[in-house]
Amino acid sequence: MYSSIIKFAILCIFLPVVALADDHEVLRNFKTVLWPQAYRTQDVELLDRLLHDSFEMIDAEGNRSTKKKELEYIKNNEWDPGTFEYRIERLQIYQGSFAVIDGTGVAKSYTYKSSNFLVKEEGVWRAIASHVSGYQSTAEVGN
């Protein structure tokens with residue numbers, strides 16, 4: 001009985017750390033693989049699963065977009081940046097249910113900065129907001 005209580009106590013101490021580590025991997029995959037994949041392949045169903053119903057984005061020109069507008073956009077517009085990588089510079093999780101991811105998108109002909117905010121509801125992470133800024137063509141970056 002005593003050893004069972006000790007095992008349970010140890011499990012309670014370390015389980016949140018394991019869950020948090022898993023969330024970091026899920027969020028890293030979310031931002032570096034799934035989100036770009038949805039745009040590149042015009043996968044409206046995938047993007048629908050990734051974005052919270054309340055999602056809003058502010059682009060580099062200051063225009064506001066909603067989830068509905070983003071789904072419509074990828075349905076009707078191809079995105080082919082050539083090679084693309086999203087480099088996460090900050091990934092923080094707050095109280096296990098709110099996350100901030102920011103970093104740099106690097107394509108063949110341009111770079112940009114973005115900040116992304118996500119919530120975890122019923123065990124699923126979804127983006128609630130995104131802000132893009134600092135867009136530069138590669139020619140500008142090289143100078």
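Give segment 48-76 a look and list any residue that's in contact (Cβ under 8 Å) with a residue 24 or more places away in the chain and among the hydroxyl-bearing types (Ser, Thr, Tyr), or say none.
Of everything in segment 48-76, just one residue is in contact (Cβ under 8 Å) with a residue 24 or more places away in the chain and among the hydroxyl-bearing types (Ser, Thr, Tyr), namely SER54.
Just checking, does segment 49-60 include any residue being in a helix (DSSP H, G or I), within 13 Å of the chain's Cα centre (by Cα) and loosely packed, with under 15 Cβ neighbours inside 10 Å?
Of all residues in segment 49-60, those in a helix (DSSP H, G or I) come to 49-50.
Those left that are additionally within 13 Å of the chain's Cα centre (by Cα): 49-50.
Now narrow it down to the ones that are loosely packed, with under 15 Cβ neighbours inside 10 Å: 49.
Within segment 49-60, one or more residues are in a helix (DSSP H, G or I), within 13 Å of the chain's Cα centre (by Cα) and loosely packed, with under 15 Cβ neighbours inside 10 Å.
Filter segment 32-47 down to residues that are of a type outside the set (A, V, I, L, M, F, W, C) and surrounded by 16 or more Cβ atoms within 10 Å (Cβ to Cβ) and give me whichever is nearest to GLY103 (Cα to Cα).
Step one: list which residues in segment 32-47 are of a type outside the set (A, V, I, L, M, F, W, C), which gives 32, 36-37, 39-43, 45.
Those left that are additionally surrounded by 16 or more Cβ atoms within 10 Å (Cβ to Cβ): 32, 36, 39, 43.
Values: THR32: 10, PRO36: 14, TYR39: 18, ASP43: 23 Å.
So the residue we want is THR32.
For (1) at pLDDT below 95; (2) assigned to a loop (DSSP other than H, G, I, E, B); (3) out of contact with any strand residue (DSSP E or B) (no Cβ under 7 Å at 6 or more places or on another chain); (4) hydrophobic (A, V, I, L, M, F, W, C), each residue gets a yes or a no:
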site	(1), (2), (3), (4)
LEU71	no, no, yes, yes
ILE88	no, no, no, yes
ILE101	no, no, no, yes
SER115	no, no, no, no
ALA127	no, no, no, yes
GLY134	yes, no, no, no
GLU140	yes, no, yes, no
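Can you tell which of VAL119, VAL106 is part of a strand (DSSP E or B), touching a strand residue (DSSP E or B) at 6+ places or on another chain (Cβ under 9 Å), free of Cβ contacts under 8 Å to residues at least 24 places away in the same chain and surrounded by fewer than 17 Cβ atoms within 10 Å (Cβ to Cβ)? Quick ask: steps written out before the conclusion?
Details: VAL119 fails: free of Cβ contacts under 8 Å to residues at least 24 places away in the same chain.
One residue alone meets the criteria, VAL106.
Among all residue pairs at least 6 apart or on different chains, which show Cβ distances below 8 Å where the first residue, located in segment 79-99, is within 21 Å of HIS24 (Cα to Cα) and free of Cβ contacts under 8 Å to residues at least 60 places away in the same chain and the second is basic (Lys, Arg) and exposed (fewer than 10 other Cβ atoms within 10 Å of the Cβ)?
none
The values are calculated or read from the model by the stated rules, or taken from the named source; none is laboratory data. Remember, it's a predicted structure, so these values are computed and weren't measured experimentally. Quick reminder, even Gly has a Cβ in these numbers, built from the backbone with ideal geometry, and neighbours come from all protein chains shown.
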